[in-house]
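Reading through the structure tokens given below for one structure.
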Amino acid sequence: MTSLTKVLTLAAIGVSVTTLDATLHGALAASSPAKAQQSTTADSGDTFTVGGADFRVELDGAAFTAGPAILMEWIRRSAGIVAAYYGHFPTRTARIQLVPQRGDEVNGGTTYGYQGGFIRVEVGRDVTDAQLRDDWVLVHEMVHLALPDVGEDHAWLSEGLATYVEGIARVQAANRSEEDVWMEELRMMPRGLPAAGDRGLDHTHTWGRTYWGGAMFCLLADVEIRKRTRLRLGLQDALRAVAERSGGLGTDWPIARVFEVGDAAVGTSALEDLYQQMKGDPMRPDLEKLWSDLGVERDGSSVRLHDDAPLADVRHAIMRPPARAAPSQPPPEQRDSED
């Protein structure tokens, strides 16, 4: 990934997700994690533990104007946000490699389910603490570690989940405002709606359908689970169960298994029902009505939230940290590997 401006520019001219990924990742699009590691030399091996996971960070602190302490704080903070959303960090180990680039932005990242988890991120040499506190890229990449590999045809689920969860997880951790998340959804989610000639999510792999069509699926599923369970449970509970059972990105699962485990955790068939509606056919939900029902009203460059809306309680439940703690991680031999 790269800056939002570049993403919007490429998406607007109809670049497919395959081409977009190659453009955005550049050197990150190595054919294997091993090749990705060979492209930079790190002289630091800082380690720490967050959310039950052991992290190793590779960075050349002298390459960054802000110094290594600010970057390490950013990584710990991002890991803590993801650990809080899932109840613990989704893998037992993770290795983070920072690659210095020109500029002052977090330019993009690639995540592999490699030896517990490997994330490689391009970071501008002049990045500041303020920019890192507002960063979404690393949380997005870490969320990828929580979902088993469901294959290229279902990349919309992986990218959609990371797009959707990033905002909510940061709101729950007081790292982003709820208004900012809803404003981004109002602005960006319509890009996930099917265009003329598009098919379902499993068959149309444009950038908009992959990232924001996938995020749209997640929002619809979250709302439906909250409604069916009378606010007791939501998509977050389903995703925690999937992360527990699968062990995350290092495992291959068919998408049907993801929805089976997620639905069982919340006692509904909401995920499978929605998948059947959206996998093959170009379903166009009425997003404006949904946001109105949730109490989200566009107000210039921001939004106004209304607590008297029909689904305002659903909106609150989505953004509120769950009261229930996630169960502790089972030993590896008790996790599902693949079907």
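With the radius of gyration and the Kirkwood radius both derived from the Cα set of region 276-327, what is their ratio Rg to Rh? Can you show the working numbers first?
Numbers: Rg = 14.7 Å, Rh = 13.2 Å.
My calculation puts Rg/Rh at 1.11.
The spacing between region 254-329 and region 67-143, judged by their C-alpha centroids, is 26 Å. Each of THR65, THR47 was scored by other Cβ atoms within 10 Å of its Cβ. Arranged with the fewest first, they read THR47, THR65. For a label point 7 angstrom out from the Cα of SER301 toward its Cβ, which stretches of region 160-178 have the backbone nitrogen within less than 13 Å? So the set is empty, nothing qualifies. Mean projected area of the Cα convex hull of region 162-212, taken over all directions, amounts to 3.7 nm².
Taking every pair of Cα atoms in region 181-273, average 1/r, invert it to obtain the Kirkwood radius, and report Rg/Rh to two decimals.
1.00
Counted residue by residue at 0.36 nm each, then reduced by the alpha carbon distance between them, the extension gain from ARG199 to ARG230 reaches 7.9 nm.
For ARG199, the residues 5 or more places off, or on other chains, whose built amide H falls under 5 Å of its own are THR204. Converting phi to 3J(HN,Hα) with the Karplus coefficients 6.51, -1.76 and 1.60 and the offset θ = phi - 60°, region 193-202 yields 5, x, 8, 4, x, 6, 10, x, 4, 6 Hz in sequence order, with x at every glycine or proline. Scanning residues 5 or more positions from VAL106 or on other chains, those with amide H under 5 Å from its amide H are GLY124, with H placed 1.01 Å from N in the peptide plane. Considering only alpha-carbon pairs that sit under 8 angstrom and 6 or more positions apart, the relative contact order computed for region 241-301 is 21 percent. In terms of Cα atoms, the Rg and Dmax of region 62-165 work out to 13.7, 41 Å. Each label point was placed 7 Å from the Cα along the Cα-to-Cβ direction; for ASP46 and GLU73 their separation is 1.0 nm.
Arrange the following residues from fewest to most other Cβ atoms within 10 Å of their Cβ: LYS289, LYS227, LYS279.
On the way: LYS289 9, LYS227 15, LYS279 18.
Ordered from fewest to most neighbouring Cβ atoms within 10 Å, LYS289, LYS227, LYS279 come out as LYS289, LYS227, LYS279.
Rg and Dmax of region 108-224, based on Cα coordinates, read 14.9, 44 Å.
The amide H of THR251, built 1.01 Å from its N in the peptide plane, has ASP149 as neighbours under 5 Å, considering only residues 5 or more places off or on other chains.
Rule-based calculations on the coordinates, nothing more; no lab input. Bear in mind that the values here come from a model prediction, so they are computed numbers and not experimental data. Cβ atoms come from the backbone with ideal geometry, glycine included; neighbour counts cover every protein chain shown.
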